[in-house]
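Everything below concerns the one structure shown next.
The values are calculated or read from the model by the stated rules, or taken from the named source; none is laboratory data. As the structure is a computational prediction, the values presented were derived from the model and not from experiment. Using ideal geometry, Cβ is built from the backbone for each residue, glycine included, and neighbour counts are taken over all protein chains shown. Please note that ligands, DNA and RNA were not included when accessible areas were found on the heavy atoms of the full protein model with its side chains. Shrake-Rupley method; radii C 1.70, N 1.55, O 1.52, S 1.80 Å.
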Amino acid sequence: MTTARIPTRNRRAEILGAAAALFAARGFHGVSIEDIGSAVGISGPALYRHFSGKDALLREMLLDISERLHEQGARLATAPPTAEAALDALLGGHIEFALGNPELIRVHERELDNVPEPARRAIRRLQRLYVEEWVTVLSELHPSCEPARLRAATHAVFGLLNSTPRSAGELPPEAMAAVLHEMARAAFAALP
């Protein structure tokens, strides 16, 4: 007789999710290991089986989102047949991330300086690579525009898209996604 295997929960992902919510609400220094453990139903010391401490949690959280965005950006920038379609895909991917992860955006904005320096450099490098995916697509759409201007425009649009911790809530997600997409396209259309 075989017994059905019950899927195990991904405890690391649970811990990272709980830590993101707590860091977003109370700040990195306002959250203890015990708070995070309690949020996932384990003792604080049991958390050390999964992470060496709060610093390691924050480092993995921010490295993970930077890696995911970069990988997604590389895929979305090259898969569509035209630069217009690639820009729409990049916008759609980033908007989906922003609407689905406002806690991670807030944690990144507030807590990146609490990540130890080697990991902070890696996070920044991944972010620069992600921006360059956008710049490559935008340079096809605006060939006379210098890369520094395209980079500046990309960062400005990220500011708009990453405003979701403060702006999303009054509109249903689909409506908010449409507003963000339309506004971002208008911002890029203002490039010469």
query: Does at least one position in the stretch 46-58 carry a residue that is touching a residue at least 12 places away in the same chain (Cβ under 8 Å), of a type in the set (Asp, Glu) and open to solvent by less than 70 Å² (accessible area, probe 1.4 Å)?
result: no
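Conditions tested, residue by residue: (1) modelled with pLDDT of 95 or more; (2) closer than 30 Å to Gly53 by Cα; (3) not in a helix (DSSP H, G or I).
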| position | (1), (2), (3) |
| --- | --- |
| Leu63 | yes, yes, no |
| Glu84 | yes, no, no |
| Leu91 | yes, no, no |
| Ile95 | yes, no, no |
| Pro118 | no, yes, no |
task: Test Glu71 against the stated conditions and say whether it is farther than 19 Å from Met183 by Cβ, open to solvent by 80 Å² or more (accessible area, probe 1.4 Å) and within 14 Å of the chain's Cα centre (by Cα).
output: yes
message: Condition first: over 15 Å from the mean Cα position of the chain (by Cα), open to solvent by 50 Å² or more (accessible area, probe 1.4 Å) and not acidic (Asp, Glu). Now tell me which residues in the stretch 121-138 satisfy that.
response: Arg121, Thr136
message: Considering only residues that are under 17 Å from Gly92 (Cβ atoms), open to solvent by less than 60 Å² (accessible area, probe 1.4 Å) and either in a helix (DSSP H, G or I) or of a type in the set (Lys, Arg) (or both), which ones fall in the stretch 147-177?
response: Thr154, Val157, Phe158, Leu160, Leu161, Thr164, Ala175, Met176, Ala177
Cβ-Cβ under 6 Å pairs, at least 6 apart or on other chains, the stretch 110-122 side closer than 8 Å to Leu62 by Cβ, far side assigned to a helix (DSSP H, G or I) and basic (Lys, Arg): Val115/Arg59; Ala119/Arg59
task: Just give me the residues in the stretch 74-92 being open to solvent by less than 10 Å² (accessible area, probe 1.4 Å) and within 18 Å of the chain's Cα centre (by Cα), in sequence order.
output: Leu87, Leu90, Leu91
- request: Any chance you could count how many residues in the stretch 89-136 are among the acidic types (Asp, Glu) and under 14 Å from Phe158 (Cα atoms)?
  value: 4
